[in-house]
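To keep things clear, I will list the structure first and then write my remarks on it.
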Amino acid sequence: MQKSSGSTSDGGADAFAADLLRGHTDTIVLGVLRRRDRYGFEIYKAIRDATGGDYEIKEATLYAAYRRLVKDGLVEAYWGDESQGGRRKYYRITDAGRAVYRRNVDAWVATRRTIDSLLDLKGSR
Amino acid sequence: MMSTSVHRLLDQAFAGLPATPDVLDLKEEIRANLLDRVAELTGGGVAPDEAARRAVDELGDVRTLVEDASGPTADAGSDGAARIAASAVELVARNRVPREPSYVAVVVLVSMVLAASVVGTVFAAVGLAHRDVGLGLPTGIALVAGAALGWVVGASLAQETTTNHPMPAGRSALFGVGWGLVLAGCLLAYVHLAGARHVWLAVDGLALVAGVVLLSYLAATSTNRKKQWALAEARRHVEAGNRFERDPAAAARFGIYTAVVWGLTGVSALIVGATIGWTWVWVPGVLGWAVFMLMLATMLFGAKHQDG
């Protein structure tokens, strides 16, 4: 199963992918919030489902991301009005968050193209 | 049964951490999410206690989050106002977003159209009152004015600036429509009043109300557009700039000076009114206001050496 660089085992490839994902946590969360407001567990589940459950972003990483995003004004938090169980804290993306999301997606698309050509993927496909 | 287990484990995870509002807030947020995760696990056939344990395990280390949260307040504050002002200039320079020349040119052009069409509407309305022109001309010009204002508002909001991210296209377009409706409604109402076409006032009122309702909706649902550096800068200003909070004696002095300044202003206003004439009463008022603002500026933001 060795495709590109020779020395990575399966576990190594997993760690590589998880690292890549983690590096984009903030953008991923912004993307999940683009359609509607969600609370922590919904965001976590959306990401888990989107990755097919293969890689998951740790919840602690997500909480850190929420705090950072709120501090930077990219999302706003508010408490829901659930009457039973714990009250949920919802997150809403701001205009600034949408702008940053769009910029990061553009940057990612450009980077992906560069890396694809650097790794010479066109030939191997 | 299952929930008590989660609550206990959550308490353990947060044991020994300071009970600041920030930490408690985080704990409550995590609690709701944990309950959902436990419900999901038990729904899949996991035993309640095991589900609770697994949910808390998946959480990762809470402590790193809390240290992360209490970090930034420690190094903030205690900076001099002068240093902050200097670094603010530098920050603005680094983050500066120049205006697009084409945007500036078109806005200037459309603004001229706007000004001309507002004035034109008034003239056309006078013409209508004297039966020199029909209803069509002033109506057309007023609609041009509304469209011009709407375009300027929408295009400006959609621009990225040094401190703000651009507003999404749809939203800025709605803002433009709102302001356009308000202006067109007002101008058309003027035209119809001048031309004694009172039936049309209902339509004008409707446009005006629609515009105001739209703008109110947009204002109520507005979210942050400030850039990160601008937000951080504002926070630092709040922390370092408020001298009165750190120095109660300065606040007390400020209160006494304020009373003196406005007391003297009131007395001199009375004297001026009684001697020179009541039309000149505003002069002492303006002078007093200027002195007050100067005093506020020097006492709140200046005088670094007095802080020690």
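The values are calculated or read from the model by the stated rules, or taken from the named source; none is laboratory data. Nothing here was measured: the structure is a model prediction, and the numbers come from that model. With ideal geometry, Cβ positions are generated from the backbone for all residues, glycine too; neighbour counts draw on all protein chains shown.
Checking each residue in the range A:49-59 for being in a helix (DSSP H, G or I) and either within 11 Å of chain B (Cβ to nearest Cβ) or crowded, with 16+ Cβ neighbours inside 10 Å (or both) picks out only A:Glu59. Out of B:Ser172, B:Ser222, one residue alone is hydroxyl-bearing (Ser, Thr, Tyr), within 14 Å of another protein chain (Cβ to nearest Cβ) and surrounded by 19 or more Cβ atoms within 10 Å (Cβ to Cβ). It is B:Ser172. Of A:Leu69, A:Leu62, A:Leu74, all but one fail to be among the hydrophobic types (A, V, I, L, M, F, W, C), out of contact with any strand residue (DSSP E or B) (no Cβ under 8 Å at 6 or more places or on another chain), surrounded by 12 or more Cβ atoms within 10 Å (Cβ to Cβ) and free of Cβ contacts under 8 Å to residues at least 60 places away in the same chain; the exception is A:Leu62.
Scanning the range A:30-48 for residues that are more than 8 Å from chain B (Cβ to nearest Cβ) and among the small types (Gly, Ala, Ser) yields a total of 2. Would the range A:69-87 turn up any residue that is part of a helix (DSSP H, G or I) and not β-branched (Val, Ile, Thr)? There is at least one residue in the range A:69-87 that is part of a helix (DSSP H, G or I) and not β-branched (Val, Ile, Thr). Among the residues of the range B:7-32, those that are within 35 Å of the chain's Cα centre (by Cα) and either within 21 Å of B:Arg54 (Cβ to Cβ) or without any contact (Cβ under 8 Å) to a residue 40 or more places away in the chain (or both) comprise B:Ala19, B:Pro21, B:Leu24, B:Asp25, B:Leu26, B:Lys27, B:Glu28, B:Glu29, B:Ile30, B:Arg31, B:Ala32. Looking across A:Asp81, A:Asp37, A:Asp116, A:Asp95, one residue alone is of a type in the set (Asp, Glu) and under 30 Å from B:Glu67 (Cβ atoms). It is A:Asp37.
Within the range A:77-86, the only residue that satisfies the criterion of being within 7 Å of chain B (Cβ to nearest Cβ) and surrounded by 16 or more Cβ atoms within 10 Å (Cβ to Cβ) is A:Gly86. Would a scan of the range A:88-111 turn up a residue that is within 19 Å of B:Leu34 (Cβ to Cβ) and either facing chain B (nearest Cβ under 8 Å) or loosely packed, with under 15 Cβ neighbours inside 10 Å (or both)? Checked the range A:88-111: at least one residue is within 19 Å of B:Leu34 (Cβ to Cβ) and either facing chain B (nearest Cβ under 8 Å) or loosely packed, with under 15 Cβ neighbours inside 10 Å (or both). Only one of the listed residues (B:Arg246, B:Arg253, B:Arg236) is modelled with pLDDT under 90 and within 26 Å of B:Val97 (Cβ to Cβ). That residue is B:Arg236.
Is it the case, given these coordinates, that B:Leu174 is without any contact (Cβ under 8 Å) to a residue 40 or more places away in the chain, in a helix (DSSP H, G or I) and closer than 30 Å to A:Arg35 by Cβ? Against the criterion (without any contact (Cβ under 8 Å) to a residue 40 or more places away in the chain, in a helix (DSSP H, G or I) and closer than 30 Å to A:Arg35 by Cβ), B:Leu174 does not qualify. Taken over the range B:178-203, the criterion of being over 30 Å from the mean Cα position of the chain (by Cα) and under 16 Å from B:Ala142 (Cα atoms) is satisfied by B:Leu188, B:Ala189, B:Tyr190, B:Val191, B:His192, B:Leu193, B:Ala194, B:Gly195, B:Arg197, B:Trp200, B:Leu201, B:Val203.
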